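Below: one structure, written as structure tokens.
The values are calculated or read from the model by the stated rules, or taken from the named source; none is laboratory data. Here the structure is a predicted model, which means the values were calculated and not measured. Backbone-built Cβ (ideal geometry, glycine too); neighbour counts: all protein chains shown. Quick note on the areas: whole protein, heavy atoms, side chains included, nothing else; ligands and nucleic acids left out. Shrake-Rupley method; radii C 1.70, N 1.55, O 1.52, S 1.80 Å.
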Amino acid sequence: MLSMTIAENVAIAKKNIAAAALRAGRDPGEILLVAASKTNGADRVREAIAAGVDACGENRVQEMLEKAALGAYEGAPLHFIGHLQRNKVKHVVGLVSLIHSVDTLELLRQIDRAAAQKGLVQDVLLEINIGAEASKSGFAPEDLPAALAAAAPLSNIRVRGLMAVPPICASGEENRRYFERIQQLFVDNCEKKYDNVRMDFMSMGMSGDYETAVECGAHMVRLGTAIFGERHYPEKQAT
Ligand SMILES: *Cc1c(COP(=O)(O)O)cnc(C)c1O
């Protein structure tokens, strides 16, 4: 694993995604590789885009705005995948093509208002707290039908599916049961029809477990380490 290039890593990830898709009898073309590019500078993001990732996903609004100003995301759709603070919503709506991480109804309504002000419709996913972890945000699975019903009157958002981050497990295989639960939830709620809801995507699977996620139906995997290598967080600023 020493000194693999970003391009080599992207090629390997794509090969693994395709193999997992075929194992599950799926079309590899329906799975999008989202580069989770937090902590990586504009040059490395551009390298990932040149290597053929389908989208870039960012976690922090400030970092995303700085890199966007440098033109880092030219040539690929930009997604927001991190926890979105309400006071930052206006910076994100319209800049990104998809927000993966809508975790409360208040946030959903705020995105709708910001999108209305900008005269656009914002695509979003609802984050599901699939491991019922106190440390994680997201809707409880049993609250999903009510959340979708609440989305129906919001005409400036469109819910496009679900996103989940399962508990940290020792192996990707251990997460299979969580991915299967998301898939079941997705299928159950696809059948119900709500305005402004079109269940197209499950965003699940990260570097340690994306092949399992693809076997369980993921349409978007979010890969950081597998593409960019270990992350180097900047030293905490003294405040
Ligand atoms: C960082 C991050 C990822 C990617 O994590 P890796 O394990 O490095 O692949 C995926 N999703 C979210 C929400 C993230 O914050």
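Points to keep in mind about this one:
- Of all residues in segment 10-27, those that are without any contact (Cβ under 8 Å) to a residue 40 or more places away in the chain have Cβ atoms under 6 Å from Cβ atoms of residues that are open to solvent by 30 Å² or more (accessible area, probe 1.4 Å), 6 or more apart or on another chain, in 18/28.
- If you go through segment 28-49 and keep only what is of a type outside the set (D, E, K, R) and in contact (Cβ under 8 Å) with a residue 60 or more places away in the chain, you end up with 31, 32, 33, 34, 35, 36, 37, 39, 40, 48.
- The condition of being of a type outside the set (A, V, I, L, M, F, W, C), within 27 Å of residue 179 (Cβ to Cβ) and crowded, with 17+ Cβ neighbours inside 10 Å holds for residue 131.
- Selected residue (only one of 177, 198 is surrounded by fewer than 17 Cβ atoms within 10 Å (Cβ to Cβ), more than 14 Å from the ligand (Cβ to nearest atom), assigned to a helix (DSSP H, G or I) and not small (Gly, Ala, Ser)): 177
- All positions within segment 201-239 that are more than 13 Å from the ligand (Cβ to nearest atom), among the β-branched types (Val, Ile, Thr) and either out of contact with any Gly (no Cβ under 7 Å at 6 or more places or on another chain) or part of a loop (DSSP other than H, G, I, E, B) (or both): 239
- Residues being open to solvent by 40 Å² or more (accessible area, probe 1.4 Å) and touching a Gly at 6+ places or on another chain (Cβ under 7 Å) - total across segment 147-172: 0
- Every listed requirement among (1) of a type in the set (A, V, I, L, M, F, W, C); (2) within 18 Å of the chain's Cα centre (by Cα); (3) open to solvent by 50 Å² or more (accessible area, probe 1.4 Å) is met by residue 144 save one, (3).
- Unmet criterion (only one of (1) under 16 Å from the mean Cα position of the chain (by Cα); (2) open to solvent by 60 Å² or more (accessible area, probe 1.4 Å)) for residue 139: (2)
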